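Input: a single structure, listed below in structure tokens.
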Amino acid sequence: MEVGQDQILERSRKIVEAAYDLLDEAGLEGLTIRAVLTRTGLSRRAFYERFEGKDDLVLAVFEETIRKAVRFFTERVASMENPLDRLRLIVTFIVLGRGIQGEAYTDRRGAALSREHLRLAESRPADLKGALQPLIALIEQILADGMASGVVRQDDPQRLATLLYNLVSTTVHSELLTSENGQVDQATKKQLANDIWEFCRRAISENP
């Protein structure tokens, strides 16, 4: 029986949701195709109708994470006039591990996605770039607004957006991988968020 597009999309949603839960519960080691099928009750055939393998599933998790984060950030910064305030909110939420409707990432999920981010950056850079593009595009637009209003120095906004994202994400990856098996010190994270933002602000401001 032919499977309709709507049914495939619904199955994809269930699979990605199951992947989120498994990453929260057991980290990357718990995210297996067998575990996903057990959690969703779907067949192996249903999985492979949408995903070629685990890498495709992880990329789908990244895509969904970024989509939700961009929606959340867009709503939160809509009332902020100063582009630097908008950027600070985004940087701070990323460092603190908050980006999906204010939801805090678990250390297991965050550390797992950090490891996969680094691995996919080498093995599937184009696909990872595509998954991250909506967030980088949002940062780029805010930087362009800042240049137009005179608070951000003139430069290529796309280049600056990529540099800013890479700086923040690399630091966050390092912190998550370090703290995966230990107690997360939220005070330290808040200080780190402030330090990273101050570094970014000085790098991009017209008058640092």
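No value in this document is a laboratory result; all are computed from the given coordinates. None of these values were measured; they are calculated from a predicted model. Cβ sites come from the backbone with ideal geometry, for glycine too, and all protein chains shown count toward neighbours.
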- Task: Report, to the nearest 10°, how far helix 107-123 tilts away from the longest principal axis of the Cα atoms in the chain, using its own Cα long axis and a range of 0 to 90°.
- Result: 90
- Neighbourhood net charge (12 Å Cβ-Cβ; Lys/Arg +1, Asp/Glu -1) for T74: +4
- Please give the FRET efficiency for R153 paired with D24, using the beta carbon to beta carbon distance and R0 = 35 Å, rounded to the nearest 0.05. 0.30
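Can you give the net charge of the other residues whose Cβ lies under 14 Å from the Cβ of L143, counting K and R as +1 and D and E as -1? The partial results should precede the final answer.
Numbers: positive: R86, R88, R153, R159, R201; negative: D85, E140, D145, D155, D156, E206.
With Lys, Arg at +1 and Asp, Glu at -1, the neighbours total -1.
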- Mean separation of Cα contacts under 8 Å, 6 or more apart, over the residue count of the chain: relative contact order %: 24
- What do the square roots of 5 times the Cα gyration tensor eigenvalues come to for region 18-160, in whole Å, largest first, as semi-axes of the equivalent ellipsoid? 33, 16, 12
- If each residue's Cβ is checked for other Cβ atoms within 10 Å, how do F199, F47 rank with the fewest at the top? F199, F47
- Across K14/K68; K129/K190; K68/K190; K14/K190, pairs whose alpha-carbon gap is larger than 25 Å: K129/K190; K14/K190
- Item | Degrees between helix 5-30 axis and first principal axis of the chain (Cα, 0 to 90, nearest 10) | 80
- Note on the structure: For the pair A121 and T38, the simple spin-label estimate (label points 7 Å beyond Cα toward Cβ) gives in nm 3.3
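Taking the beta-carbon count within 10 Å as an exposure proxy, list Y20, Y48 from fewest neighbours to most. Don't skip to the answer; put the middle values down first.
Values: Y20 16, Y48 12.
So the ranking, lowest neighbour count to highest, is Y48, Y20.
Give me S114, S79 sorted ascending by neighbouring Cβ count inside 10 Å, so fewest comes first. If you can, show how the numbers build up before the last one.
Values: S114 21, S79 8.
By the 10 Å Cβ count, ascending: S79, S114.
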- Pick out which of R115, R71, R34 has the largest mean-square fluctuation in a Gaussian network model of the chain, springs linking Cα atoms closer than 10 Å. R34
- Task: Using only Cα atoms, find the angle between the long axis of helix 125-149 and the longest principal axis of the chain, and express it within 0 to 90 degrees, rounded to the nearest 10.
- Result: 30
- Message: Give the separation of the Cα centroids, region 188-208 to region 141-161, in Å.
- Response: 16
